[in-house]
There are 2 protein chains.
Amino acid sequence: MGELYFSKVIELLNTGDSAALHGLFARLHEADIADILHELPPDKCLEAFRLLDEELASEVLPELNDDVRNNILEHIHEKRLAGILDEMDSDEATDIVSELDDERTRKVLASLDTINREDSDDIRQLLAYDEDVAGGLMQKEIISVQENMKRDEMIEYIRESHEEVENFHYIFVTDEQHKLKGILEVTKLLLAKQNKLAKDLMENDVISVPVNMDQEQVAHMFRKYDIYILPVVDENNVLLGRITVDDIIDVIDEEASEDAYKMVGLESEDRVFSKPLQSARRRTPWLIVNLFTAVFAASVVSLFEGTISRFVILAVFMPIVAGMGGNAGTQTLTVITRGIALGELTFYNTRKALFKELIVGIINGVVLGIIGCAVAYLWKGNMLIGLILGAAMVINMIIAGFFGALIPILMKTLKIDPALASGVIITTLTDVCGFASFLGLATLLL
Amino acid sequence: MGELYFSKVIELLNTGDSAALHGLFARLHEADIADILHELPPDKCLEAFRLLDEELASEVLPELNDDVRNNILEHIHEKRLAGILDEMDSDEATDIVSELDDERTRKVLASLDTINREDSDDIRQLLAYDEDVAGGLMQKEIISVQENMKRDEMIEYIRESHEEVENFHYIFVTDEQHKLKGILEVTKLLLAKQNKLAKDLMENDVISVPVNMDQEQVAHMFRKYDIYILPVVDENNVLLGRITVDDIIDVIDEEASEDAYKMVGLESEDRVFSKPLQSARRRTPWLIVNLFTAVFAASVVSLFEGTISRFVILAVFMPIVAGMGGNAGTQTLTVITRGIALGELTFYNTRKALFKELIVGIINGVVLGIIGCAVAYLWKGNMLIGLILGAAMVINMIIAGFFGALIPILMKTLKIDPALASGVIITTLTDVCGFASFLGLATLLL
């Protein structure tokens with residue numbers, strides 16, 4: 001799709017035929033326009049974005065990646081941005097505004113005040129919530145009715161307000177204090193008799209989330225209950241807004257990236273097209289930590305310098321023991337951290353998981369230890385070195401299995417994110433134990 | 001939730017009070033019942049599942065994890081299973097049946113034939129599709145109308161058939177050959193005038209997916225277009241079924257697990273509670289591959305045995321060079337593979353990404369090289385060793401940055417899954433280059 005229209009857009013931008021370009025954009029889906037803008041050089045991208053009317057711009061802007069969006073936000077006039085925000089859902093508008101500095105935020109919201117005071121107030125309210133809790137995901141655009149409203153009144157109410165709310169499908173039912181009482185599918189309303197009341201039609205067992213719930217837990221609610229839309233309430237069960245499943249998909253993507261990132265010490269802002277200097281600076285602290293854990297492991301090797309000086313062959317084999325432990329440990333770690341992320345590991349079954357990984361460590365240790373022993377013997381013709389290598393591998397892979405499971409479980413119990421730093425702890429441990437067991441056995445036996 | 005009811009369920013199972021247990025389950029959400037079953041010992045779990053009536057059982061079964069579900073499927077009578085499948089959506093029923101062996105499948109479907117022939121035929125059709133394409137995700141339960149149907153006819157039709165279709169919200173509009181023409185929100189129908197036809201009310205720009213599209217691409221369609229429901233069509237645009245967003249969340253979770261798994265050589269069937277022997281067997285091949293790459297790296301060390309025997313200190317420092325390269329390379333690899341998974345890396349911008357990671361590698365190489373040099377000097381008081389260590393780290397981290405980006409990009413171009421094996425290639429490369437550069441420089445300079 002993008003490739004098809006890309007050269008056409010470039011051509012129209014070069015010939016300055018903005019009428020034709022405007023027409024082309026009007027026929028495309030906003031996500032496809034975003035794809036095209038992603039491919040344009042920064043100045044052409046600004047030029048193309050300027051051609052979009054406020055409504056289309058309001059649909060395209062949330063689809064853009066951080067890089068391109070920030071470039072546009074840097075160059076856009078406050079008045080135009082306010083006009084675009086006016087067309088947006090409150091959750092998306094809030095995400096955009098939160099990218100601006102304080103001075104720009106003030107100006108844009110002041111400009112939006114003159115267009116639509118309600119919109120700017122919604123944004124001010126939503127800005128107060130953390131980005132990664134339910135309040136930071138929710139939108140204020142909802143359709144809610146009082147429990148005593150009649151079917152036809154509800155339909156009339158929907159007719160007046162449905163333009164503002166996309167994808168509603170569900171109507172929230174509240175009492176007079178705006179406390180959430182139930183939820184009503186539009187289909188039920190369509191099929192209902194005229195004199196029915198909201199409270200007769202609604203479902204009472206409504207699942208809602210508190211406004212301060214962490215986004216990972218919110219995502220887990222969607223995952224568990226297979227729902228599309230979730231109402232958000234305050235501590236008194238007063239309805240504040242709703243979260244839609246499309247935003248949850250973004251959360252799930254984000255959390256998966258974060259977990260993958262944390263395992264190797266990356267920050268979530270470090271994306272494919274971040275500036276090189278920024279990326280480098282973000283990765284340096286972690287690499288320095290790694291350097292010191294590596295020095296720690298090296299200091300274990302240093303204890304055995306005497307043995308190595310007599311049997312240089314040990315220097316050849318010692319990285320194998322450490323590396324194999326690291327691989328086995330990281331496998332266990334990945335199984336356990338994904339299990340935790342998907343909510344499979346509960347209070348009751350962690351001991352079972354720990355025990356299982358220990359058994360796997362023993363089996364793999366023995367199998368790989370035997371193969372390692374054979375390889376060493378065939379390569380260097382020294383049976384004793386082979387046996388020492390094999391035994392050290394068995395020890396190290398059992399340690400890898402046990403601690404690869406224990407470390408993330410412990411971190412979860414201590415409420416530390418198990419993805420964070422588990423990787424460096426387990427590889428440091430397997431390096432140290434690998435060097436110590438191999439060189440220690442060698443010192444004893446050779 | 002689970003913890004609250006867990007002991008209650010155990011108590012009622014022990015006292016054999018099945019009436020009370022039945023009543024308790026009836027008040028709970030199916031996902032919460034599943035959570036409770038996950039915590040029970042296998043025999044108690046079977047006992048509790050037997051108490052669920054067919055409808056509730058049909059809701060609970062798809063929520064269970066593989067382990068518990070397989071235990072139930074092993075022990076369930078074919079007739080009861082057929083009754084449960086009859087209550088299920090066709091996509092979920094097909095997933096259950098695909099877990100059975102051929103003999104059991106035949107028996108269960110024959111039993112379902114006598115209950116509801118249409119259901120068993122739907123399952124037979126869906127079984128023909130691969131699990132990981134659109135056809136493997138779709139359900140046959142849809143509401144579709146002909147384009148010339150009037151508003152009231154549609155409402156009557158929905159009244160008759162909506163019980164079978166959960167969460168429909170959208171009606172698909174087709175022509176007489178069942179070709180997909182448009183899509184119609186239920187809300188629009190609610191607000192429409194009596195004499196309107198389906199084709200007047202529907203949206204023409206309907207996004208659909210071909211039945212053979214890979215599930216990762218299907219997930220990407222949901223992600224990109226922010227939709228809840230996607231119609232599935234054959235090569236002639238004939239409507240076959242629909243995919244709902246709750247199934248896509250499962251796909252996204254699955255693909256994220258798979259990517260995390262492949263990076264460390266795990267198979268997706270290897271879960272927290274797989275049997276130890278199975279897990280061990282699944283991990284062994286990868287560990288053997290790793291053993292041989294480690295031996296390959298060790299053979300590079302072996303080339304320098306002469307140098308090491310004169311300067312044992314080299315054995316102490318060489319794992320640091322290799323390890324730091326591995327860490328930096330895995331960071332780059334993770335950034336690029338996540339970028340590919342989320343569709344951020346396109347044809348046009350890969351060169352930019354490659355260049356960026358090279359720059360990051362140079363910056364981090366220089367910074368960490370200087371620190372490494374300082375550490376070596378302070379620890380061992382040998383400036384030359386420090387300089388050699390620093391220089392080798394610079395070389396190795398530049399290699400890590402460049403190849404950490406190049407390898408997944410190359411694999412993507414060759415249509416190999418970039419998550420697969422990239423990890424072992426990059427760490428082998430950084431081990432080999434780390435040992436070679438450090439020991440090589442030492443041999444030249446000492």
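The values are calculated or read from the model by the stated rules, or taken from the named source; none is laboratory data. All of these numbers come straight from a predicted model, not from anything done at the bench. In this analysis, Cβ positions are derived from the backbone assuming ideal geometry, glycine residues included, and neighbour counts consider all displayed protein chains.
For segment A:97-133, filtered to residues that are closer than 22 Å to A:Arg242 by Cβ and among the small types (Gly, Ala, Ser), the residue that is surrounded by the fewest Cβ atoms within 10 Å (Cβ to Cβ) is A:Ala128. With the condition kept exactly as written, say whether any residue in segment A:198-207 is under 30 Å from A:Arg338 (Cα atoms) and touching a Leu at 6+ places or on another chain (Cβ under 8 Å). The answer is yes, given that some residue of segment A:198-207 is under 30 Å from A:Arg338 (Cα atoms) and touching a Leu at 6+ places or on another chain (Cβ under 8 Å).
Check whether at least one residue in segment B:410-417 is of a type in the set (Asp, Glu), buried (at least 24 other Cβ atoms within 10 Å of the Cβ) and touching a helix residue (DSSP H, G or I) at 6+ places or on another chain (Cβ under 7 Å), and report yes or no. Explain how you work it out, then say what you get.
First, the residues of segment B:410-417 that are of a type in the set (Asp, Glu): B:417.
Keeping just the survivors that are buried (at least 24 other Cβ atoms within 10 Å of the Cβ) gives none.
No.
Just a yes or no: is a residue in segment B:264-282 out of contact with any Lys or Arg (no Cβ under 8 Å at 6 or more places or on another chain), hydroxyl-bearing (Ser, Thr, Tyr) and assigned to a helix (DSSP H, G or I)? No, segment B:264-282 contains no residue that is out of contact with any Lys or Arg (no Cβ under 8 Å at 6 or more places or on another chain), hydroxyl-bearing (Ser, Thr, Tyr) and assigned to a helix (DSSP H, G or I).
If the condition is being crowded, with 18+ Cβ neighbours inside 10 Å and either more than 7 Å from chain B (Cβ to nearest Cβ) or touching a residue at least 60 places away in the same chain (Cβ under 8 Å) (or both), then segment A:277-290 contributes A:Arg282, A:Trp286, A:Asn290. Within segment A:200-227, residues that are more than 15 Å from A:Lys179 (Cβ to Cβ) and free of Cβ contacts under 8 Å to residues at least 60 places away in the same chain have Cβ atoms under 6 Å from residues that are of a type in the set (Ser, Thr, Tyr) and surrounded by fewer than 18 Cβ atoms within 10 Å (Cβ to Cβ) in these pairs: A:Ile207/A:Tyr225, counting only partners at least 6 apart in sequence or on another chain.
Just checking, does segment A:44-51 include any residue being among the aliphatic types (A, V, I, L, M), over 28 Å from the mean Cα position of the chain (by Cα) and assigned to a helix (DSSP H, G or I)? Step through it out loud before you land on a result.
Filtering segment A:44-51 for residues among the aliphatic types (A, V, I, L, M) gives A:46, A:48, A:51.
Those left that are additionally over 28 Å from the mean Cα position of the chain (by Cα): A:46, A:48, A:51.
Still in the list and also assigned to a helix (DSSP H, G or I): A:46, A:48.
Checking segment A:44-51: at least one residue is among the aliphatic types (A, V, I, L, M), over 28 Å from the mean Cα position of the chain (by Cα) and assigned to a helix (DSSP H, G or I).
Do the conditions hold for A:Ala391, that is, is it surrounded by 23 or more Cβ atoms within 10 Å (Cβ to Cβ) and either at pLDDT below 95 or not basic (Lys, Arg) (or both)? No.
Looking across segment B:162-189, the residues that are surrounded by 14 or more Cβ atoms within 10 Å (Cβ to Cβ) and in a helix (DSSP H, G or I) come down to B:His162, B:Val186, B:Thr187, B:Lys188, B:Leu189.
Residue count for segment B:202-227 satisfying the condition of being more than 13 Å from chain A (Cβ to nearest Cβ) and either in contact with a Lys or Arg (Cβ under 8 Å, 6 or more places away or on another chain) or closer than 16 Å to A:Thr187 by Cα (or both): 1.
Within the set A:Ala34, A:Ala20, the sole residue that is part of a helix (DSSP H, G or I), of a type in the set (Gly, Ala, Ser) and within 14 Å of chain B (Cβ to nearest Cβ) turns out to be A:Ala34.
Does B:Thr94 satisfy the criteria of being modelled with pLDDT of 95 or more and assigned by TED's automatic domain parsing to the domain that holds B:Ala192?
Values: modelled with pLDDT of 95 or more: yes; assigned by TED's automatic domain parsing to the domain that holds B:Ala192: no.
It is false that B:Thr94 is modelled with pLDDT of 95 or more and assigned by TED's automatic domain parsing to the domain that holds B:Ala192.
Return yes or no: is A:Glu103 touching a helix residue (DSSP H, G or I) at 6+ places or on another chain (Cβ under 8 Å), on the phi < 0 side of the Ramachandran plot, free of Cβ contacts under 8 Å to residues at least 60 places away in the same chain and not assigned by TED's automatic domain parsing to the domain that holds A:Ala192? In short, no. In segment A:251-274, of all residues being of a type in the set (D, E, K, R) and more than 8 Å from every other protein chain (Cβ to nearest Cβ), the one that is surrounded by the most Cβ atoms within 10 Å (Cβ to Cβ) corresponds to A:Lys262.
Residues are listed down the side, and each one gets a yes or a no for (1) of a type in the set (A, V, I, L, M); (2) farther than 19 Å from A:Val211 by Cβ; (3) facing another protein chain (nearest Cβ under 10 Å):
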{"position": "A:Ser144", "(1), (2), (3)": "no, no, no"}
{"position": "A:Met149", "(1), (2), (3)": "yes, yes, no"}
{"position": "A:His169", "(1), (2), (3)": "no, yes, yes"}
{"position": "A:Phe172", "(1), (2), (3)": "no, no, no"}
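Among residues of segment B:315-335 that are more than 7 Å from chain A (Cβ to nearest Cβ), those with a beta-carbon under 6 Å from a residue that is hydroxyl-bearing (Ser, Thr, Tyr) and part of a helix (DSSP H, G or I) at least six positions away or on a different chain give the pairs B:Gly325/B:Thr430; B:Gly326/B:Thr427; B:Gly326/B:Thr430; B:Gly329/B:Thr430; B:Leu333/B:Ser422. Suppose we filter segment A:291-312 for residues that are over 30 Å from the mean Cα position of the chain (by Cα) and facing another protein chain (nearest Cβ under 7 Å); how many remain? Qualifying residue count, segment A:291-312: 9.
Inside segment A:1-54, can you point out the residues that are β-branched (Val, Ile, Thr), surrounded by fewer than 18 Cβ atoms within 10 Å (Cβ to Cβ) and touching a residue at least 24 places away in the same chain (Cβ under 8 Å)? Within segment A:1-54, just A:Ile10 meets the criteria.
For segment B:331-346, a residue qualifies if it is within 12 Å of B:Leu406 (Cα to Cα) and over 20 Å from the mean Cα position of the chain (by Cα), and exactly one does: B:Thr332. For segment B:5-17, a residue qualifies if it is part of a helix (DSSP H, G or I) and farther than 16 Å from B:Cys45 by Cβ, and exactly one does: B:Thr15.
Given B:Phe355, B:Phe347, which one is modelled with pLDDT under 95 and part of a loop (DSSP other than H, G, I, E, B)?
Working: B:Phe355 fails: part of a loop (DSSP other than H, G, I, E, B).
B:Phe347 is the lone residue from the list that is modelled with pLDDT under 95 and part of a loop (DSSP other than H, G, I, E, B).
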